[in-house]
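Colleague: Structure incoming, see below.
Every number in this text was worked out from the coordinates using simple rules, so none of it is lab data. Because the structure is a prediction, the values reported are computed rather than measured. Note: ideal-geometry Cβ built from the backbone for every residue, glycine included; neighbour counts use all protein chains shown.
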Amino acid sequence: MAIMSFIFAFFFFSSLQPILSLYEDQVGLMDWHQQYIGKVKQAVFHTHKTGRKRVVASTEQNIIATLDLRSGEIFWRHVLGPNDVVDGIDIALGKYVITLSSGGSILRAWNLPDGQMVWESSLHGPKHSKSLLLTTNLIIEKDNSLIVFSNGRLNAVSCIDGEVLWKKDFEEESLEVQQVIQPPGSDFIYVVGFAASSQFETYKINAKNGELLKHESTAFSGRFSGEVSLVSSETVAALDSTGSILLTISFHNGKISSQQTPVSNLLEDSPGLAVIIHSSVTGIFAIKTDAATIFIRVIGEGKLEVVEKTNHETVVSDALSISEGQQAFALVQHAGSNIHLTVKPAHDWDSNLLKESIKMDQQRGFVHKVFINNYIRTDRSHGFRALIVMEDHSLLLLQQGAIVWSREDGLASIIDVTTSELPVEKAGVSVAKVELNLFEWLKGHVLKLKGTLMLATPEDIAAIQYMRLKSSEKSKMTRDHNGFRKLLIALTRAGKLFALHTGDGRIVWSHLLQSLHKSESCRQPIGLNLHQWQVPHHHALDENPSVLVVGRCGPSSDALGVLSLVDSYTGKEFSSLRLVHSVAQVIPLPYTDSTEQRLHLLIDADKHAHLYPKTPEAIDIFQSEFSNVYWYSVDDDNGIIKGYALKTKCSGNVADEFCFDSRELWSIVLPSESEKIITTATRKLNEAVHTQAKLIADQDVMYKYISSNLLFVATVAPKASGEIGSVTPEESWLVVYLIDTVTGRVLHRMTHHGSQGPVQAVLSENWVVYHYFNLRAHRYEMSVIEIYDQSRADNKDVWKLVVGNHNLTSPVSSYSRAEVITKSQSYFFTHSLKAIAVTLTVKGITSKQLLIGTIGDQVLALDKRFLDPRRSVNPTQAEREEGIIPLTDSLPIIPQSYITHSLRVEGLQSIITVAAKLESTTLVFAHGLDLFFTHYAPSRTYDSLTEDFSYALLLITIVALVAAIFVTWILSQRKELQDRWR
Amino acid sequence: MKWVKVIVSFILTLSFLSFPSCAFQSDELLVDDEEFGLEGAPQHRSPEPIPTRSPPVTSPTRKRHSDLDSDSKIQFSLDHAFGDSDFSPAGTFSARLKTWSHGGQTLTKLRFSRNSFSDVEKEKFKNLLESDDFYRIRLPSNVLSPPGRDFIISSVKARCLPRESLDEHFVIHMEGVNVLAVNYGSPGSCPYPRNLKLPAKWSFSSHTVLKNSEQAPRAPVFTEEILGGENAEGEVVQPAERSFWAKYWMYLIPLGLIVMNAITQAMNMPEEQATGQVPAQGQPSAGAVQRGPSSAVRRR
């Protein structure tokens, strides 16, 4: 009996976990991973040493990365936290990357070759201020030192160990330090700034010990505006706050002398408000007006001269010293589809060191930033390379009039993702270039066969592996039978749309959206979300599918909306609309018109509903379903959830038949003193549920409460909405609600005392799983609520079903009283979460798994059966057979079930699951700074042969069998003949 | 002091009863339960919602003098609207406000008196029925200082209400003295093709339920128990005794087949004897036919 139970337990546990992990040689077969760094803010080249040339970059996503200058690959990269904004980077001693971050309070040194942190020191000061980082070649007490100005304090820090050598406070309340300057070859430092916006102050400080040598100040009649531009080591240029008077201030030897020049003297036409551009080119500074960028040279004592007036899209780099006393800088200008890169010496505007014209993809937009670097050519002359950052956040290296490499770093900030099918394979569509010929096909299979029969040499194995990875099957541009090949369409923060192929992650097309382009009427366009606009199905197969991009002009919710329609096969924007109303919510309706365009309802900030597309056909379809359209809004700030229905046509002064007024149907008001909404979750619209009923152990049936109008809301005590640990368990609680969004009925309400957010939740079928922190247990917890419909519970009797005396086929109405029962259970979970999702299959038959984005930026798969509220300590035999796992207090983390295997998706934001056509498989796309895509089969691929199945072996076996049959048949014939003759 | 003890022990037993699944609660948890038990004692006393059926006619509420001093009577009104019309008073909820020693306040003994429809309202309601429009109600979000921050609104298609009389069902979700939400609708189902049906009686029969928050089940905390269970490998839970058939079906089926085989053979025997007496040449085909099945049976 013991053996029996042991065997039973063995089978039970082995069936518990289907093998989720991969073998080593399966990595990269179905998954791909791409690494990005985001929009570059500052770049420093490191090319002096022989060996690998690199560029160090800091980005707006708070990343420090070094890239290979030859290929653009990442050598190493560090993601600083979201609150650790990089203020400045530099290279010191030729081997350390110095970063100043967190508002100037953290200074770190990283080892350049491998990215190890060498030292870190924290700098604090008396007040918040601008942070400036200055590397010098000053030697103080035998140490090379850095000068850092941050938080109102000037620090000299040793490069070797980060020790603060001396410090000097600038405590004067109104002082705004603008520049810290070390004149070359001197051992003193100028600290230049404004006091009370109208006083110009200079401090001359001994660089060896921080002693104040001299302090001068001059009052100015007007007020200064923002930035100053350094013209020489003892002269700065500034603008007054009206933007009309230019000031050049020189402080030679501590004596301040200033010159005022009205901008209108320099320019004939009135330029409007001017802004000074930050640059560090000696003798020249630039101002930017509404119409143009103007370069101004300072001649002698404050005399100004306009050297060039260029159009708006001109970018200038910082100065680069190329030889003793000689500086150069780069200018990038747009001319049609080309960009002109010009490198000029600082002293002579009219001569050019380099002038190149490079053809640039229009979809990259304007140049935003340029960084230059020089090298010695083979003919001993100066060569220049430029790193440019484009409007779409991409990064390009230009050298010798060509683009050496480019990185699509816009993909580091994806806002929304949707998928699109690929074109159907047709006779006319040529896919020949990726097709293999018969010989290669056979060769491949023979190799595979050798591998199977263990006859392959190591070279063969490598060839097999290469073949598997580079399989042309997966990267074809046509639809496949299993639905694995799709286009992932991603909208990035830069307003660019990318289509990625799921097979290998390559960019099929990319398009900078015109509607999300900065313009006069739309100053700050931001993309909101993506929706499938047209999915050709039956009668509109000739049309290409298209996606709808929704954006708005500005961060506030009442800013006007913009719409774009983009063809998913070509990336062409065939329609773009500037709306006359705002966009608060976009509701894809379950109706399509005759060309398979989906009807969308856009709700504006005034709760008017606008129907799109604006066609008479759409309005006809919509009118018939008019009374069945409901929606809800969640007001997080006030804690009010409201439900609406449509009423009549808009009663505005403009007759708009696509606009509808709404009426308030229900409202839920949460007491503001005890509850604050932190998370909501709804079911995915496209989720399929296979069975309505759940058979439980004792041959009993429970009916799932499946409603697409279910809303999960989590609230916490307002006090407890901060960091974990900021409140005691007694004054924090977490309340969860399940709400029907048509009638506003609260189906379930439950309080977790002593618990706190952040809450991550996922709602699927009839269950919701959420994750939070339990302050009493000092651990994270995950809870599950399953909701069952009791009004159908009487339909258990087989006879009733046979006779037809049941209510299973009657339509379900939200207005019926909901008789639901809920079951819930909580479990401890080790990790904190960044994202949570659930696998999605096409028919919903395959068992579900939760995909958990862990704090370590990996994706962990967790079987939903572990989160079953019916788990008990000693499940009965029948329950075990049903698959109920004995109760444990915490959820297991099985190392093999990380679907990202050894990879990390840095800065993980969200996990998106898409159903493949194959029921067993779900496509998983995780994005953050990095992108990761894989196929995942929660219950293994039970409905298809594995990809390493050897068809050749099968074929050979069949051939061999047929041959054997023939041989034996002939032999037997012969034998029979001989027998007859005998 | 004695009654406190009694109440505590009563609540302790109740909390045990209300968490039958948490067999492994530690002492610490029990202390917590006690604390919460005090706070939300009415919930424990009635884990099931308290359905109070009030007659359609206004019933005078009695004040019981034996209650604690901290009890006070409060009233709040229900407003209704027909379609998009303005709200007008439709009834009054009266309840007793219980103030707990630690400051919490809860409502108990909710009663509802519904005003009957005036003729104008009847007409309006008929219009709603005809146009399949919404009948809307609202409650204050705070019962002590109505309307609180905002009104709680709920609505139902008017055609869901008429049965014999006008049947309505309120589930009021409360948190202390705040009304969070109200589930309003017919007490039964309201299937989708809503048919026009006028009520026989123009009076309301109302059911009201007051619901407070439930407590979430705690994560099971057990360490020794599970280990102990594993150590005692010998006394693993015996699988439930299976029935005779479940145990021995693999023997019973072949046995049954053998028996059947034997029976058919026994049946065939006399026939064969009977046919055997007749000259075999006479009916060769019949013999073959009969031999067929019997040989087949024998082969089994």
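Colleague: Based on the Kirkwood radius over alpha-carbon pairs, what is the Stokes-Einstein translational diffusion coefficient of the stretch A:584-669 at 10 °C with 1.306 mPa s viscosity, in µm²/s? Mind showing how you got there, number by number?
Modeller: Details: Rh = 13.5 Å.
Result for D is 117 µm²/s.
Colleague: At q = 0.13, 0.15, 0.16, 0.19 Å⁻¹, what log₁₀ I(q)/I(0) does the stretch B:72-212 have when each alpha carbon counts as one equal point scatterer in the Debye sum?
Modeller: Scattering profile of the stretch B:72-212, log10 relative to I(0): -0.56, -0.73, -0.82, -1.10.
Colleague: Please compute the length gained on full extension between A:Ser321 and A:Ala291, using 0.36 nm multiplied by the number of residues separating them and subtracting their Cα-Cα distance.
Modeller: On the way: separation 30, 0.36 × 30 = 10.80 nm, distance 3.08 nm.
Full extension from A:Ser321 to A:Ala291 adds 7.7 nm.
Colleague: Between A:Ile619 and A:Ala878, what is the spin-label point distance in nm, taking each point 7 Å from the Cα along the Cα→C-beta axis?
Modeller: Taking the simple label geometry, A:Ile619 and A:Ala878 are separated by 6.0 nm.
Colleague: Along the stretch A:375-383, what does the Karplus equation 6.51 cos²θ - 1.76 cosθ + 1.60 (θ = phi - 60°) give for ³J(HN,Hα), rounded to whole Hz, x for Gly and Pro?
Modeller: For the stretch A:375-383, the Karplus-derived couplings read 8, 9, 6, 5, 8, 6, 8, 7, x Hz, x marking Gly and Pro.
Colleague: Just the Kirkwood number for the stretch A:285-413, please: inverse of mean 1/r across all distinct Cα pairs, in Å, one decimal.
Modeller: 15.6
Colleague: Order A:391-404, A:917-930 from most to least packed using the mean count of other Cβ atoms within 10 Å.
Modeller: In descending order of packing, they fall as A:917-930, A:391-404.
Colleague: Sticking with this one: Enumerate the lysines that A:Lys204 could reach by cross-link, defined here as Cα to Cα under 27 Å, with residues fewer than 8 away along the same chain left out.
Modeller: Within reach: A:Lys127, A:Lys130, A:Lys142, A:Lys167, A:Lys168, A:Lys214, A:Lys255, A:Lys303.
Colleague: If you take the charge dipole of the stretch B:72-212 about its Cα centre, with +1 on Lys and Arg Cβ and -1 on Asp and Glu Cβ, which of B:Leu166, B:Gln105, B:Val179 is farthest toward its positive end?
Modeller: B:Gln105
Colleague: Relative to the Cα centre, what is the charge dipole magnitude of the stretch A:584-669, using +1 at the beta carbon of each Lys and Arg, -1 at the beta carbon of each Asp and Glu, and rounding to the nearest 20 debye?
Modeller: Magnitude of the dipole: close to 160 debye.
Colleague: In terms of modelled amide H atoms, which long-range or inter-chain residues lie less than 5 Å from the amide H of A:Arg683?
Modeller: Counting only residues 5 or more places away or on other chains, the set is A:Leu710.
Colleague: Let me ask you something else. Give a residue-ordered list of calculated ³J(HN,Hα) values for the stretch A:167-182 (Karplus: 6.51 cos²θ - 1.76 cosθ + 1.60, θ = phi - 60°; whole Hz; x for Gly, Pro).
Modeller: Whole-Hz 3J(HN,Hα) from phi for the stretch A:167-182: 9, 9, 8, 10, 8, 3, 4, 8, 6, 10, 6, 9, 9, 10, 10, 10.
Colleague: Same structure again: Apply the a/c threshold of 1.5 to the C-alpha gyration tensor of the stretch A:567-631 and tell me whether it is rounded, prolate or oblate.
Modeller: Oblate shape, in that a/c is at least 1.5 and b/c is the bigger or equal ratio.
Colleague: Sequence-distant or interchain residues sharing an amide H contact under 5 Å with A:Gly639, placed H: which?
Modeller: Residues meeting the amide H criterion: A:Ile677.
Colleague: What ranking do B:163-174, A:756-767, A:956-967 get when scored by the average of other Cβ atoms within 10 Å per residue, highest first? Intermediate values should be presented prior to the final figure.
Modeller: On the way: B:163-174: 19.4, A:756-767: 22.3, A:956-967: 10.4.
Order by mean packing, descending: A:756-767, B:163-174, A:956-967.
Colleague: Please grab the % of Cα pairs in the stretch A:707-771 that end up more than 18 Å from each other. All intermediate terms of the calculation are to be shown ahead of the outcome.
Modeller: Values: 815 of 2080 pairs.
Across the stretch A:707-771, Cα pairs with separations above 18 Å total 39 percent.
Colleague: Under a point-charge model restricted to the Cβ atoms of Lys and Arg (+1) and Asp and Glu (-1), what is the dipole moment magnitude of chain A relative to its Cα centre, in debye to the nearest 20?
Modeller: On the way: 91 positive and 106 negative charges, 414 e Å.
For chain A, the charge dipole is close to 1980 debye.
Colleague: Oh, and also: Dipole magnitude of the stretch B:72-212 about its Cα centre, charges +1 at Lys/Arg Cβ and -1 at Asp/Glu Cβ only, in debye to the nearest 20?
Modeller: In total the dipole reaches around 540 debye.
Colleague: For the stretch A:492-552, just say rounded, prolate or oblate: build the C-alpha gyration tensor, square-root its eigenvalues into a ≥ b ≥ c, call rounded for a/c under 1.5, and beyond that prolate if a/b exceeds b/c, oblate if not.
Modeller: Oblate shape, in that a/c is at least 1.5 and b/c is the bigger or equal ratio.
Colleague: Another question, then. Hey, which of these cross-link pairs are over 18 Å Cα-Cα: A:Lys694/A:Lys864; A:Lys53/A:Lys95; A:Lys474/A:Lys917; A:Lys719/B:Lys211; A:Lys607/A:Lys649?
Modeller: A:Lys719/B:Lys211
Colleague: A further question on this structure: State the answer as a single residue: which of A:Ser510, A:Ala693, A:Val367 lies farthest towards the positive end of the charge dipole of chain A, with beta carbon charges of +1 for Lys and Arg and -1 for Asp and Glu, about the Cα centre.
Modeller: Looking along the dipole axis, the top candidate is A:Ala693.
Colleague: What are the ³J(HN,Hα) couplings of the stretch A:492-499, residue after residue, when phi is run through the Karplus curve with 6.51, -1.76, 1.60 and θ = phi - 60°? Round to Hz, x for glycine and proline.
Modeller: So the Karplus estimates, Gly and Pro as x, are 9, 5, 6, x, 10, 10, 10, 10 Hz.
Colleague: Related question: Give the Kirkwood hydrodynamic radius (Å, one decimal) of the stretch A:520-677, defined as one over the mean of 1/r across all pairs of different Cα atoms.
Modeller: Hydrodynamic radius (Kirkwood, Cα only) of the stretch A:520-677 equals 17.0 Å.
Colleague: What distance in nm separates the simple spin-label points at A:Ser726 and B:Val209, each placed 7 Å from Cα in the Cβ direction?
Modeller: 3.8
Colleague: Just how far, in whole angstrom, is the stretch A:510-534 from the stretch B:82-134 if you go by their alpha carbon centroids?
Modeller: Cα centres, the stretch B:82-134 to the stretch A:510-534: 48 Å.
Colleague: While we're looking at this one, here's another question. Over the whole of A:783-792, what's the average partner chain Cβ count within 10 Å per residue? Rounded to a whole number, please. List each step's numbers first, then the result.
Modeller: Numbers: counts 4, 0, 1, 0, 0, 0, 0, 0, 2, 0.
Rounded to a whole number, the mean comes out at 1.
Colleague: Another question about this same structure. If amide hydrogens are placed 1.01 Å from N in the peptide plane, which non-local residues have theirs closer than 5 Å to the one on A:Gly483?
Modeller: Correct list: A:Lys917.
Colleague: Further question: Once you average over the residues of B:155-168, how many Cβ atoms of partner chains fall within 10 Å of each Cβ?
Modeller: 2
Colleague: Using 7 Å Cα-to-Cβ label points, what is the A:Val27/B:Ala200 separation (nm, one decimal)?
Modeller: My value for the distance between the label points is 7.7 nm.
Colleague: Let me ask something else. Distance from the Cα centre of the stretch A:185-230 to that of the stretch A:635-685, in angstrom?
Modeller: Between the Cα centre of the stretch A:185-230 and that of the stretch A:635-685, the gap is 56 Å.
Colleague: On to the next question. Rounded, prolate or oblate: which fits the stretch A:267-351, taking a ≥ b ≥ c as square roots of the Cα gyration tensor eigenvalues, rounded meaning a/c under 1.5, else prolate when a/b beats b/c?
Modeller: Taking the square roots of the gyration eigenvalues as a ≥ b ≥ c, the stretch A:267-351 is oblate.
Colleague: Per residue of A:741-754, how many C-beta atoms from partner chains lie within 10 Å of its own C-beta, taken as a mean? Intermediate results must be reported in sequence, preceding the final value.
Modeller: Details: counts 0, 0, 7, 8, 8, 8, 2, 1, 8, 5, 8, 5, 9, 3.
Mean inter-chain Cβ contacts per residue within 10 Å come to 5.
Colleague: Another question, if that's okay. Which one of A:Val629, A:Val669, A:Gln597 is farthest out on the positive end of the charge dipole of the stretch A:584-669, using unit charges on Cβ (Lys, Arg +1; Asp, Glu -1) and the Cα centre as origin?
Modeller: A:Val669
Colleague: With runs of 4+ DSSP H residues as the only contributors, calculate the mean residue ellipticity of chain A at 222 nm using -39,500 (n - 2.57) per run, divided by the residue total and rounded to the nearest 500. Can you show the working numbers first?
Modeller: Values: 8 runs with 98 residues, N = 982.
That calculation yields -3000 deg cm²/dmol at 222 nm.
Colleague: From zero up to wherever the largest Cα-Cα distance of chain A sits, split into 10 Å bins and tell me the percent of pairs in each.
Modeller: 2, 9, 15, 20, 19, 15, 11, 6, 2, 1, 0, 0, 0, 0
Colleague: If you take every residue apart from A:Val535 with its C-beta less than 15 Å away from the C-beta of A:Val535, what net charge results, scoring Lys and Arg +1 and Asp and Glu -1?
Modeller: Values: positive: A:Arg479, A:Lys486, A:Arg598, A:Lys917; negative: A:Glu421, A:Asp542, A:Glu543, A:Asp567, A:Asp593, A:Glu596.
Charge balance near A:Val535 sits at -2.
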